[in-house]
1. Label points 7 Å out from Cα along the Cβ direction at Gln272 and Glu295: separation in nm?
2. Please give the FRET efficiency for Asn175 paired with His40, using the beta carbon to beta carbon distance and R0 = 30 Å, rounded to the nearest 0.05.
3. Between Ser221 and Ser262, what is 0.36 nm times their sequence separation minus the Cα-Cα distance? Round to one decimal in nm.
4. Give me, ordered by chain and number, the residues 5 or more places off Leu97 or on other chains with an amide H under 5 Å from its own placed amide H.
5. Give me, ordered by chain and number, the residues 5 or more places off Gly226 or on other chains with an amide H under 5 Å from its own placed amide H.
6. Could you please put Thr69, Thr75 in sequence from largest to smallest accessible area, using a 1.4 Å probe?
7. Can you tell me the length gained on complete extension of the stretch Ser198 to Thr155, counting 0.36 nm per residue apart and subtracting the Cα distance?
Amino acid sequence: MKIPAILFCIITCSVSIYAQPVLTYTDVAPHNYDSYAVGHSGYCYLGTSGINQIWNFGTAPIATTETYTIVPTSTVGVASYYPNSTQALSNGGYTMLDVTPAGYFRYGGTLTPGTPRFIYTDAEKMLAFPMNYGDSYTDAFEGQNYSGPEYRTATVYASYIGYGTITTPYNTYSNAICITSHYETLDSAQSAWGAHCSADYYYWFVASCRYPVAFSWNEPSSATCGATSQGTLFLQSITIGENELSQYDFRMEIFPNPFSSSFTLKTPNGKQGDIFNVTDLEGRIVKTFEWNAQEMHVDLSALENGIYMIRLNNGRGKQIVKSTN
């Protein structure tokens, strides 16, 4: 039977309008030495649900910015406290992670690089894979506060509540996915963090970024909980980590990475006279050198241990890590 043109248009347009993005492991699984530049704003609540939503954070003021970096757990000084973690998000302290095709798990974190805090023996599932529109799950997790008497038990209720277009102060993204998580946390001892707390979180993901393009949280105070904590983070940019090419047609191989005092830089794209800058995470240039071969030995023994960026003078670059090993 021949389908009338008008009816055919209605059918095909309906599929286009209502096709929903699926949150998958490959969309958000972090790569070692991914670096995320994020901006901090006040609490922006746009957790509206449904299909083809428009979330507009475009006018949200940015108060401060900082850089988060994914590193292997083996590079964290207190890694032995988190034997099931494979990666850590460095943002002043560390959030200890293990991201697998089964889910995005958190095993606790540290207050500072050398001070463990909660160590979860039963991991918190932050995301499940795959998640389709309307999917939800409930997860219980628990663990001990290393520096205090609390034993924490908690439950998270997560749902894929909507998809559509999101505008942040930095960009506009289509096919964005909104995941909401409600937490009920019970600690065995009263502390500055409270004995019984609840909180709501909203995450917006797009397939092109492995970190939320927006993240809002609301942790209200109560008779049994500490001071209110609220805010929103916006992804400003992402520097891709090891074993990947950037969005530009430029190949850069660095080995070993992490390194102790020096590394070898190899690229088939380098041209005589190209200038490379090595910067710290604040963007300060700590070393400059000129390209003169397809393979160069770069000595950075004078630098302190830490995470740096090596960039061609036009901005294309990659992360490097100087360690004690």
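1. Going from the Gln272 label point to the Glu295 one covers 2.1 nm.
2. Numbers: r = 25 Å, r/R0 = 0.84.
With a Förster radius of 30 Å, E is 0.75.
3. On the way: separation 41, 0.36 × 41 = 14.76 nm, distance 4.97 nm.
Here the answer is 9.8 nm.
4. Thr86, Gln87, Ala88, Leu89, Tyr107
5. Correct list: Gly194.
6. Working: Thr69 0, Thr75 60 Å².
Result of the area sort, largest leading: Thr75, Thr69.
7. Numbers: separation 43, 0.36 × 43 = 15.48 nm, distance 0.97 nm.
Extra length from Ser198 to Thr155 when fully extended: 14.5 nm.
The values are calculated or read from the model by the stated rules, or taken from the named source; none is laboratory data. Bear in mind the structure is a predicted one, so any value in this text is a computation, not a measurement. Cβ coordinates were reconstructed from backbone atoms using ideal geometry, including for glycine residues, and neighbour counts include every protein chain displayed. Surface accessibility is based on the protein's heavy atoms, side chains included, excluding ligands, DNA and RNA. Shrake-Rupley method; radii C 1.70, N 1.55, O 1.52, S 1.80 Å.
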